[in-house]
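Encoded as structure tokens, the structure appears first; notes follow it.
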């Protein structure tokens, strides 16, 4: 059964273009559309789609604010942010709002489909241009990581191991095998880390791991329900 998608963009031509891409792929079906953030939240409550493809620059309630509301009211729905811009503020704001992916509007059709497929499986995705740029900035020392590093000092060595592997896209089952731990133990580590670090999803853990310089940027993960 195709994954159900809600398209949110104030430009009909953009929505039509994405619909054409999804129709050709055959793995996703557009069940609803919205032109602004407030409408997106209401439509999401009514239709409960699997995925929302959300423009970041919407009139009224913007894409970041709408994503926060959708995560609050529709916890089973995952949001992919579309943006014209790849600046650090936009990316970090999207991740903190609970978005599971950040895709540039200039990205290729295959990049958008990769994001949809990854998010549909419970993972997180960033356009390669975004991850490359942020990684380069970290390597040059342009991003301040000391506050984040200080926050991570409260984690145990084992928790840091689990954090790195989570952020590098390993599922809980993968980590259990790699570290010779029980599956429930790994899930417990994740839950404890989220509480200590003040985040509530894998995307948030990934961002902190990136900012601290302990892993590469980007992640995939298994069911987000496990992180609760």
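Where a number appears in this text, it was derived from the coordinates with a stated rule and is not lab data. As the structure is a computational prediction, the values presented were derived from the model and not from experiment. Using ideal geometry, Cβ is built from the backbone for each residue, glycine included, and neighbour counts are taken over all protein chains shown.
Counted by neighbouring Cβ atoms within 10 Å, the residues 159, 27 run from fewest to most as 27, 159.
Volume per residue of the convex hull around the Cα atoms, evaluated for segment 3-135, comes out as 88 Å³.
Residues 43, 162, 177, ranked from the fewest to the most other C-beta atoms within 10 Å, line up as 177, 43, 162. Applying 0.36 nm per residue to the separation of residue 191 and residue 65 and subtracting their alpha-carbon distance, the gain on full extension is 42.9 nm. Taking 0.36 nm per residue of separation and subtracting the current Cα-Cα distance, fully stretching the chain between residue 85 and residue 11 would add 25.0 nm.
Inter-label distance, residue 178 to residue 1: 3.3 nm, where each label sits 7 Å from its Cα along the C-beta direction.
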